[in-house]
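Please treat every number below as a calculation from the coordinates, not as lab data. Remember, predicted model here, so these are calculated numbers, not experimental data. All Cβ positions, even for glycine, are placed from backbone atoms using ideal geometry, and neighbour counts span all protein chains on display.
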Amino acid sequence: MTSERELPVFPISLSIPPEKIVGEVPAKHKLVAHIIPGKLSTYIFENEKDYYEDYQKSYFAHTKKKAGYDCTRHLEILANGCIHIFEDIERIPENTMTHYPIDLLKEVYDLMKRNRFSRANYDRYANRLLEWTRTNLTTVSMARYILRKTNHEHVRKILFISEGGPDYLRCLTLIGLKEIFGEECYDYPKVEHVYTNYSGNIKDLYGKGISYTKVVNEDHREDRAVPDLISNHYFDIVIYGSIHRSSMFMDLVQKTYESDEIILLCGEDLHEDCVLNKYPYNHRFRREL
């Protein structure tokens, strides 16, 4: 049923669950947070609580490009009412991190380099950045962005297909969709570690499971015959949470669904041979564009 109309690739960013964002900029007790990216001896935190609290009590925190420019550390800093010291911020590509207030962050960085920051400046910028994060960088806002860009704001049932271990874009976007749709967003196979009743040790997961595990309330889902549901067009749209890691049921999905009812996400850092290029007639989102 796919139609032959090539669709654009949209930028997408990582996001953070709304409940991880502080209600207001906390009182500060130290100048710079402990972690220095790339300096492993500073990676001392073993749990989310201690890690977040260090940002909450710090005025500033170092961050920079990892393998890709967009990373969860940027979000964790902002969500905890702290301000970036963002190394090489001027090198961020035009279509990457498009949901961040790049101009505002550059303005902040320029003031710091010129030693022009006052307490009044700090409070004003910290509050603006926190409000931006709450409005534009949550898992819910990113999920709504996907639906808006694909003209699917009124869908009711979503099949979210993904396989493999943790992937920040896949996990965080799924959290946003579950927060909006609950059981009507059906993740297959089930992404166990995003649910509050996950019984595994989150410290064994990538990044010690910080910011993306045990967030979604357990729903009363039943095992479903997913191929039959696809064949009957039970779901309004199908989202592939990481097309690089799984294209499960793709032949059946393409046979049953119109091309613009299929959404592909790519959270990879590098794109020398991007799998998205194989699917020009589906809605595509890429983190590092």
### Task
Report the extension gain between Lys30 and His233 in nm, rounded to one decimal, defined as 0.36 nm multiplied by the number of residues separating them, less their alpha carbon distance.
67.5 nm
### Query
Mind checking which of His62, His99, His154 has the largest fluctuation in a GNM of the chain, springs on alpha carbons under 10 Å?
His154
### Query
Once amide H atoms are placed 1.01 Å from N in the peptide plane, what residues at a sequence separation of 5 or more from Ile237, or on another chain, have their amide H within under 5 Å of its amide H?
Lys157, Leu159
### Summary
Here, Asp269 and Glu222, labelled 7 Å along Cα→Cβ, have an inter-label distance in nm of 4.4 nm
### Task
Taking the Cα centre of region 140-286 as origin, work out the dipole magnitude from +1 charges on Lys and Arg Cβ and -1 charges on Asp and Glu Cβ, in debye rounded to 20.
340 debye
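Net charge near Lys39, counting Lys/Arg +1 and Asp/Glu -1 over other residues with Cβ under 14 Å of its Cβ?
Net charge in that neighbourhood comes out at +2.
So between His154 and Arg5, what do we pick up on full extension, going 0.36 nm a residue minus the alpha carbon distance? Present the calculation step by step, with values, prior to reporting the outcome.
On the way: separation 149, 0.36 × 149 = 53.64 nm, distance 2.22 nm.
Full-extension gain reported as 51.4 nm.
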### Message
Among (1) 61, 41, 33; (2) 52, 46, 37; (3) 65, 41, 34, only one was calculated for this model; which label is it, if the read-out is Cα extents along the principal axes in Å?
### Response
(1)
### Query
To the nearest 500 deg cm²/dmol, what mean residue ellipticity at 222 nm is calculated for the chain from DSSP H runs of n ≥ 4 alone, each contributing -39,500 (n - 2.57), summed and divided by the residues?
-9000 deg cm²/dmol
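So, by mean Cβ neighbours within 10 angstrom, what's the order for 278-288, 19-29 with the highest one leading? Intermediate values should be presented prior to the final figure.
Numbers: 278-288: 20.3, 19-29: 13.6.
By packing density, highest mean first, the sequence is 278-288, 19-29.
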### Message
I want to check the label-to-label distance for Thr196 and Arg144. Put each point 7 Å from Cα in the C-beta direction and report it in nm to one decimal.
### Response
2.2 nm
### Message
Using the Karplus curve 6.51 cos²θ - 1.76 cosθ + 1.60 with θ = phi - 60°, what ³J(HN,Hα) values do you get for each residue of region 199-209, in whole Hz, with x for Gly and Pro?
### Response
9, x, 8, 5, 5, 7, 8, 4, x, 6, x
### Query
Taking 0.36 nm per intervening residue step and subtracting the Cα-Cα distance, what contour gain separates Leu40 from Asn95 on full extension?
16.8 nm
### Task
Can you tell me the order of 185-195, 213-223 when each peptide is scored by its average per-residue count of other Cβ atoms within 10 angstrom, highest first?
185-195, 213-223
### Query
Can you work out ³J(HN,Hα) from phi for every residue in region 112-126, in order, using Karplus 6.51 cos²θ - 1.76 cosθ + 1.60 and θ = phi - 60°, giving whole Hz and x for Gly and Pro?
5, 5, 8, 6, 10, 7, 10, 4, 5, 4, 4, 4, 5, 5, 4
### Message
At 7 Å along Cα-to-Cβ for each site, give me the label-to-label distance between Lys49 and Glu107 in nm.
### Response
3.8 nm
### Within the chain: Cβ-based charge dipole about Cα centre, in debye rounded to nearest 20 (Lys, Arg +1; Asp, Glu -1)
1140 debye
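For region 88-216, calculate the relative contact order in percent as a whole number, restricting contacts to Cα pairs under 8 Å that are 6 or more residues apart. Before the final figure, lay out each step's value.
Numbers: 102 pairs, mean separation 24.9, N = 129.
Relative contact order comes out at 19 percent.
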### Query
With the dipole of region 60-160 worked out from charges on the C-beta (+1 for Lys and Arg, -1 for Asp and Glu) around the Cα centre, which of Thr98, Met112, Ala143 lies farthest toward the positive end?
Ala143
